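First comes the structure, then the notes that go with it.
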Amino acid sequence: MSADKDIDGWLAERGITSSDSRTRARNALEEAGLTSARKVRISEPKLPRAEQVLAERFFRVCTATECQQVARASGREPLPVELRSHCEHCGGSNNRRAEVAFLEACERHGVNRVVVVGGSPAVREELEDKLGGRIELRMVDGTERRTAGKAQSDLEWGDLVLVWGATELHHKVSSHYTQPGTPHRHKVVHVARRGVAALLEAGITHLDR
C-alpha cells in the first residue's frame with residue numbers, strides 16, 4: 001500500500017500557503033485528475049505528476065517588483081509564495097536576483113567579457129561559479145601587483161570593467177583602471193559599496209544608462 005501526504009502540507013513545502021494560492025494550485029491538481037475537492041491527502045506516486053502540473057502552469061513568485069515582471073513575462077500564471085526562498089526567480093537571495101538581472105543586462109547590451117578588479121578570493125570564486133558559464137570573466141586580485149601593461153590588456157579585453165573599491169583593492173592596482181584619460185574609461189565602473197548584489201547592480205545601472 002502506497003503512502004500518501006497531506007495536500008495542504010505538500011503545497012506549503014513549496015511556499016504555497018496563502019488561501020488564494022492554495023485554492024488555485026488545488027484547482028489545477030483537480031483539473032489534472034490528481035485529486036478532488038473532497039480529498040485532503042494525495043498518494044505519493046502522484047506527487048511527481050502533481051509537481052509537473054504546477055510547474056507547467058504556474059510561476060511561483062515573491063513580491064519583489066523584478067521577480068513579478070519576470071513571472072508575468074514567463075507565459076505562466078504568477079502564483080504568489082509566502083517565503084521568498086520559494087521564488088523561482090530569486091530564490092530569496094539578493095545576490096541571486098542581482099546575478100540574474102546582471103546576466104540579462106549583459107545580454108541586452110551585447111556584453112560578453114567582464115573584468116572584476118578587487119574582491120576577496122571567496123567572492124571572486126562565487127562570481128566565477130554563478131556567472132562564468134554565461135559570460136567570460138577576468139578576475140583581478142586587488143592585493144597583488146598589476147602592471148600598467150596588464151591593466152591596459154584588461155581594459156582592451158573587457159566589454160565592462162568593475163572596479164570594486166570597497167573591497168580588498170590597493171590604490172596602485174585600481175589607479176591603472178580609473179586614472180583620467182584612460183582610453184577605455186567609458187567601460188569602467190567604480191563601485192563604492194560592498195556585496196555582490198551592489199557590485200552587479202552598479203554594472204546594470206551603468207549598462208542601462
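Suppose we filter 98, 105 for residues that are surrounded by 14 or more Cβ atoms within 10 Å (Cβ to Cβ), within 30 Å of residue 51 (Cβ to Cβ) and among the small types (Gly, Ala, Ser); which single one remains?
Details: 105 fails: within 30 Å of residue 51 (Cβ to Cβ).
Among 98, 105, only 98 is surrounded by 14 or more Cβ atoms within 10 Å (Cβ to Cβ), within 30 Å of residue 51 (Cβ to Cβ) and among the small types (Gly, Ala, Ser).
Go through segment 162-185 residue by residue and tally those that are out of contact with any Phe, Trp or Tyr (no Cβ under 6 Å at 6 or more places or on another chain) and either of a type in the set (Lys, Arg) or under 17 Å from residue 206 (Cβ atoms) (or both). The total comes to 11.
Each residue in segment 1-41 was checked for being open to solvent by less than 40 Å² (accessible area, probe 1.4 Å) and under 22 Å from residue 80 (Cβ atoms), and 14 of them qualify.
Take residue 47 and decide whether it is within 30 Å of residue 202 (Cα to Cα), at pLDDT below 95 and of a type in the set (A, V, I, L, M, F, W, C). For residue 47, the condition - within 30 Å of residue 202 (Cα to Cα), at pLDDT below 95 and of a type in the set (A, V, I, L, M, F, W, C) - is not met. Taking each residue of segment 46-65 that is closer than 22 Å to residue 5 by Cα and without any contact (Cβ under 8 Å) to a residue 60 or more places away in the chain and looking for partners that are open to solvent by 20 Å² or more (accessible area, probe 1.4 Å) and of a type in the set (Gly, Ala, Ser) with beta-carbon atoms closer than 7 Å, six or more apart or interchain, yields 53/32. Within segment 112-130, the set of residues being surrounded by fewer than 19 Cβ atoms within 10 Å (Cβ to Cβ) and either in a loop (DSSP other than H, G, I, E, B) or of a type outside the set (Lys, Arg) (or both) comprises 112, 120, 121, 122, 125, 126, 128, 129.
Kindly provide the set of residues from segment 10-24 that are outside any loop (DSSP other than H, G, I, E, B), within 18 Å of residue 63 (Cα to Cα) and hydrophobic (A, V, I, L, M, F, W, C), ordered by number.
At the first step, the residues of segment 10-24 found to be outside any loop (DSSP other than H, G, I, E, B) are 10-12, 19-24.
Now drop any that are not within 18 Å of residue 63 (Cα to Cα), which leaves 12, 19-22, 24.
Across segment 10-24, the qualifying residue is only 12.
Here residue 163 meets each of (1) over 21 Å from residue 110 (Cα atoms); (2) out of contact with any Lys or Arg (no Cβ under 7 Å at 6 or more places or on another chain); (3) open to solvent by less than 30 Å² (accessible area, probe 1.4 Å); (4) not in a helix (DSSP H, G or I) with one exception, condition (1).
State all residues of segment 169-209 that are assigned to a loop (DSSP other than H, G, I, E, B) and either open to solvent by 90 Å² or more (accessible area, probe 1.4 Å) or among the aromatic types (Phe, Trp, Tyr) (or both); if no residue qualifies, say none.
Across segment 169-209, the qualifying residues are 170, 179, 180, 183, 193, 194, 209.
Looking at 149, 203, which is the one that is under 18 Å from residue 138 (Cβ atoms) and at pLDDT 95 or above? It is 203.
May I ask you to list the residues in segment 131-158 that are assigned to a helix (DSSP H, G or I) and either basic (Lys, Arg) or open to solvent by less than 70 Å² (accessible area, probe 1.4 Å) (or both)?
So the first thing to find is which residues in segment 131-158 are assigned to a helix (DSSP H, G or I), and the list is 131, 148-157.
Across segment 131-158, the qualifying residues are 131, 148, 149, 150, 151, 152, 153, 154, 155, 157.
Within segment 49-82, the set of residues being touching a strand residue (DSSP E or B) at 6+ places or on another chain (Cβ under 9 Å), under 16 Å from residue 13 (Cα atoms) and part of a helix (DSSP H, G or I) comprises 50, 54.
The values are calculated or read from the model by the stated rules, or taken from the named source; none is laboratory data. Predicted model only: the values in this text are computed from it and were never measured. Every residue, glycine as well, gets a Cβ built from its backbone with ideal geometry; the counts of neighbours run over all protein chains shown. Ligands, DNA and RNA are excluded from the accessible area calculation, which covers all protein heavy atoms including side chains. Shrake-Rupley method; radii C 1.70, N 1.55, O 1.52, S 1.80 Å.
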